[in-house]
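Only one structure is covered here, and it is reproduced in the block below.
The values are calculated or read from the model by the stated rules, or taken from the named source; none is laboratory data. Just so we're clear, the structure is a prediction, and the values are computed from it rather than from any experiment. All Cβ positions, glycine included, derive from the backbone under ideal geometry; neighbour counts span all protein chains shown. Protein only, heavy atoms only, side chains kept; ligands, DNA and RNA dropped before computing areas. Shrake-Rupley method; radii C 1.70, N 1.55, O 1.52, S 1.80 Å.
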Amino acid sequence: MHPTYQKTLSRVADFLSKNDDFLLIAHDHPDGDTIGSALALYLFLSKMAKKVFLVCASPVPEAFGFLSGRLSFQQDFLFGDYQSVVLVDNGDLKRTGFSDRLKKYRRQKKTIINIDHHPQNDIWKLANLNLVSHQVSSTAEIVYELLTRLNKSLIDPDIATALLVGLYTDTGGFQHPTTDRQCLLVAAKLLSLGAKLKLISENLSGRRSFAMLKLWGIALKNIKTNKELGIMTSVITQKNIIAAGAAEDDLAGVVNMMSATPEAGIAMLMYETSDGNIRGSLRTDSDKHDVSILASCLGGGGHKRASGFSIKGRLVVKDGGVEIE
Ligand SMILES: [Mn+2]
């Protein structure tokens with residue numbers, strides 16, 4: 001690992017042990033990595049008898065209901081109450097859901113720590129410490145190293161399970177190419193600390209509701225391929241979501257299923273959100289493509305193989321094609 005990373009790891013560990021009061025922020029529309037990593041940090045710092053507040057601007061999806069401590073997530077916080085902030089897996093400032101308050105914290109010279117594995121972004125300037133590695137599968141891997149540095153004996157089965165959720169979800173259930181030796185080594189260590197892998201896979205991979213299957217059916221029916229460009233797309237409107245009795249969260253996994261087909265160099269799923277936006281998820285299983293470039297053209301971002309964007313508007317299906325209005 002890079003020497004600067006190791007140095008920052010020590011500095012962050014030092015800061016966490018010497019200070020007593022932290023606001024932890026998971027990104028909005030949270031995934032398993034931000035939820036698991038932030039929750040693990042929350043449970044761990046609470047065991048160290050620190051004052052910790054855990055926040056995520058969006059509700060935590062029901063699928064994560066099996067995690068103990070999940071109810072500790074709050075959707076908002078009081079500005080004046082905290083001395084330092086830890087951003088976990090946030091990717092960029094907008095995704096924190098609290099850009100303005102974080103900029104104010106910065107002006108008040110409060111300490112902001114950024115723990116992440118996303119590409120460099122606008123948080124880097126704002127944060128005092130950037131504990132970032134691009135070589136890891138997930139932010140949870142970084143948090144595991146940090147907690148080990150602080151006091152490994154405090155990692156109990158609940159904390160280990162939360163961290164394993166991060167590794168598991170960001171690697172698509174240990175299937176993406178980011179599932180390397182280091183990732184599996186950390187996963188093995190988490191298992192020996194009591195992490196419950198079966199509980200995770202049952203809740204996050206196995207479980208599909210009737211509404212979810214109905215919605216997937218619509219998404220799969222709407223698939224179109226452009227052979228020249230090697231792009232496979234599908235769309236879901238709010239009407240589709242309502243007709244299936246489903247929720248937006250139920251679409252998680254559809255785009256991965258699309259990108260696994262040999263015809264799809266790139267897979268893209270666009271769906272309407274209830275607040276008048278169109279969210280796009282992009283995936284590729286091929287080294288030849290970098291979907292984060294495509295996502296950033298549309299004001300979004302992410303990783304080479306998985307990224308997304310959000311734009312104002314709605315989807316209009318016309319003559320077998322789709323337009324954005
Ligand atoms: Mn992540």
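Probing with 1.4 Å while keeping every protein chain in the model, the per residue accessible area of the chain equals 47 Å². Shape analysis of the stretch 232-315 places it in the oblate category; the axes a ≥ b ≥ c from the Cα gyration tensor give an a/c of at least 1.5, with a/b not above b/c.
For the stretch 178-325, carbon and sulfur atoms together expose 57% of the accessible surface, with a 1.4 angstrom probe and every protein chain in place. Per-residue ellipticity at 222 nm computed for the chain from its helices equals -11000 deg cm²/dmol, with DSSP H segments shorter than 4 residues left out and the rest contributing -39,500 (n - 2.57).
Considering only Cα-Cα distances, which of the following residue pairs are longer than 32 Å: Lys103/Lys288; Lys50/Lys94; Lys103/Lys196? Flagged as over cut-off: Lys103/Lys288; Lys103/Lys196. What shape does the stretch 175-294 have by the C-alpha gyration tensor, where a ≥ b ≥ c are the square roots of the eigenvalues, rounded means a/c under 1.5, and otherwise prolate means a/b greater than b/c and oblate the rest? The shape class here is oblate.
Within the listed set His303, His134, His117, the residue fluctuating most in the Gaussian network model of the chain (springs between alpha-carbon atoms under 10 angstrom) is His134. The slack in the chain from Asp287 to Met257, taken as 0.36 nm per residue of separation less the alpha-carbon distance, amounts to 9.1 nm.
Output the 0 to 90 degree angle, nearest 10, between the alpha-carbon long axis of helix 139-151 and the longest principal axis computed from the alpha carbons of the chain. Helix 139-151 sits roughly 10 degrees off the main axis of the chain.
Relative to the longest principal axis of the Cα atoms of the chain, helix 210-221 runs at roughly 60 degrees.
The Cα center of the stretch 214-234 and the Cα center of the stretch 18-40 differ in position by 34 Å. When both the stretch 96-110 and the stretch 238-267 are represented by their alpha-carbon centers, they are found 35 Å apart. A straight chain from Ser153 to Asp275 at 0.36 nm per residue would run longer than the Cα-Cα distance by 39.5 nm. Extending 7 Å from the Cα toward the beta-carbon at both Arg11 and Lys109 defines two label points whose distance is 1.7 nm.
Under the classification rounded if a/c is under 1.5, otherwise prolate if a/b is larger than b/c and oblate if not, where does the stretch 3-204 fall, given a ≥ b ≥ c as square roots of the Cα gyration tensor eigenvalues? Spell out each step's value before the answer.
Working: a/c = 1.44, a/b = 1.35, b/c = 1.07.
Here the stretch 3-204 falls in the rounded category.
Note on Lys318/Ser205: beta-carbon distance plugged into 1/(1 + (r/R0)^6) with R0 of 45 Å gives a FRET efficiency of 0.80. Mean separation of Cα pairs under 8 Å and 6 or more residues apart, divided by the residue count, gives the stretch 181-243 a relative contact order of 20 percent.
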